[in-house]
1. If you roll a 1.4 Å probe over the chain with all protein chains in place, what percent of the accessible area is carbon or sulfur?
2. Enumerate the amide H contacts of L112 below 5 Å, restricted to partners 5 or more residues apart or on another chain; note that Pro and chain-start residues carry no placed amide H.
3. Show me, for segment 39-47, the HN-Hα J-couplings you get by feeding each phi into the Karplus relation (A = 6.51, B = -1.76, C = 1.60, θ = phi - 60°), rounded to Hz, glycine and proline as x.
4. How much net charge surrounds K106 when only other residues with a Cβ under 13 Å from its Cβ are counted (Lys, Arg +1; Asp, Glu -1)?
5. Return the loop-located GluC sites (Glu not before Pro) in segment 68-155 (DSSP other than H, G, I, E, B) with at most 13 other Cβ atoms within 10 Å of their own Cβ; answer none if there are none.
6. So who's got an amide H within less than 5 Å of the one on S341, skipping anything under 5 residues away but keeping other chains? H placed 1.01 Å off N, in plane.
7. Which of the lysines could a cross-linker span from K324 if the Cα-Cα distance has to be under 22 Å and same-chain partners fewer than 8 positions apart are dropped?
8. Students often get this wrong, so check it: of K166/K213; K86/K237; K86/K213, which have C-alpha atoms separated by over 30 Å?
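The values are calculated or read from the model by the stated rules, or taken from the named source; none is laboratory data. Keep in mind the model is a prediction, meaning the values are calculated, not measured. Cβ coordinates were reconstructed from backbone atoms using ideal geometry, including for glycine residues, and neighbour counts include every protein chain displayed. To get the accessible areas, we keep the full protein, side chains included, count just its heavy atoms, and leave off ligands, DNA and RNA. Shrake-Rupley method; radii C 1.70, N 1.55, O 1.52, S 1.80 Å.
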Amino acid sequence: MINRKDLVAKFQELHGREPRLFRAPGRVNLIGEHTDYNGGFVLPMAIDKETAVAAAARKDRIIRVHSINLEDSGEFDLDAETEREKGSWLNYVEGMARLLERAEFKLTGADLLIWSDVPGGAGLSSSAALEMSIGLALSEISGHAVDRTTLALIGQQAEHEFAGAKVGIMDQFVSANAQAGHALLLDCRSLEFENVPLSTEDVAVVICNTNVKHELASSEYNTRRAECEEGVKILGKFLPGVKQLRDVSIEEFERYQNELPDVIRRRCRHVITENERTLKAAEALRRNDLTELGRLMWLSHASLRDDYEVSCKELDLLVEIAGKQPSILGARMTGGGFGGSTVNLVERENLLEVIENISLEYKRQTNIEATILVSDAGGGASEITV
Ligand code: ADP
Ligand code: MG
């Protein structure tokens with residue numbers, strides 16, 4: 001847990017004045033995988049881990065920032081160009097600052113102190129949490145109320161331009177717009193969204209990190225994007241007006257699927273059925289039917305494994321182990337795949353026992369320790385008090 005008092009005390013010690021405090025959460029995607037770049041639907045929730053930023057304005061136009069997690073500092077001048085190496089974490093901070101200014105939100109200089117308990121590189125989007133908390137801090141202390149969707153789009157652009165990661169909009173969007181106790185259904189094309197109630201009173205959301213990352217991820221990601229485009233091209237010949245797989249209904253897919261080569265057919269089937277599952281999952285949540293959400297999650301995993309082929313043996317193993325636990329309502333890989341985490345719905349009554357079973361069995365079969373995290377559905381980016 002972040003200790004907000006300690007963060008403020010440390011800021012005072014470093015800078016000799018009172019900061020304001022801002023926070024933004026990491027996230028996990030419950031369902032709707034590889035649908036974002038096909039213009040489809042996703043259903044993530046914010047986790048209850050966050051990045052907090054203590055911030056105070058400066059009289060000049062210098063941004064000075066320190067990360068407690070990385071024990072590293074940096075600074076840049078809003079009125080001068082900076083040369084920075086590609087992989088540096090400072091790119092996220094600078095990206096937010098420069099892009100806010102490009103969007104006509106003139107900033108003051110600032111002293112910033114960052115502290116986060118979102119595990120980094122675990123597929124929980126510590127980068128979006130960093131972008132949204134920094135973006136909120138910089139804009140607020142400069143006297144701007146930037147709407148959350150604009151902030152999310154600026155965060156996505158910061159990843160593209162400053163961090164060199166061609167990400168979709170989901171992570172920043174949910175980190176900015178989530179509501180505690182809710183998942184967020186997002187239409188990745190129109191950016192319309194709905195906060196859908198997610199009660200974790202009886203059922204816990206459990207995230208299991210395989211702690212493996214296979215090299216394939218980025219090359220296969222590009223291949224999948226191309227395969228989806230190929231599918232759109234072929235289906236578009238029969239279905240004029242289809243611009244993205246999002247536009248193809250299951251009935252239309254079934255009518256024309258034989259026109260597609262086998263691999264393309266399976267890729268399309270995943271995306272089209274996953275969109276349908278995601279809408280059904282939101283529907284299930286609206287009536288608090290977590291059993292139905294769980295059922296859709298198992299189906300989502302099978303589709304990602306067999307049709308989209310982005311799983312790996314460690315993810316499949318975690319889902320297989322989950323399948324043998326009667327207290328688990330549903331489990332699936334979450335995130336891009338080829339490693340990373342699974343997300344599980346577990347009845348609270350047997351939570352500890354289930355977690356122990358999963359870690360023991362995973363360790364026994366792989367010799368790897370899984371990292372397991374239980375999270376409520378948290379709120380989005382906001383200013384906080386100590
Ligand atoms: P993920 O978003 O899945 O956690 P990424 O590789 O997209 O993984 O983002 C992780 C990067 O974000 C880190 O390598 C670092 O550059 C930056 N970052 C995240 N949290 C912090 C933090 N608390 N302090 C400094 N940099 C951070
Ligand atoms: Mg990230």
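1. Working: 7880 of 16500 Å².
The computed percentage sits at 48.
2. R64, V65, H66
3. x, x, 10, 9, 9, x, 9, 6, 8
4. On the way: positive: R61, R98, R102; negative: D79, E101, E104.
Result for the neighbourhood of K106: 0.
5. Values: sites: E71, E75, E81, E83, E85, E94, E101, E104, E131, E140; in loops: E71, E81, E83, E85, E104.
Those satisfying the criteria are E71, E81, E83, E85, E104.
6. Amide H neighbours of S341, under 5 Å, 5+ apart: T210, T334.
7. Of all the lysines, those that pass the test against K324 - Cα under 22 Å, at least 8 places apart if same chain - are K313, K363.
8. Details: K166/K213 18 Å; K86/K237 42 Å; K86/K213 21 Å.
The pairs that break the limit, which is 30 Å between Cα atoms, are K86/K237.
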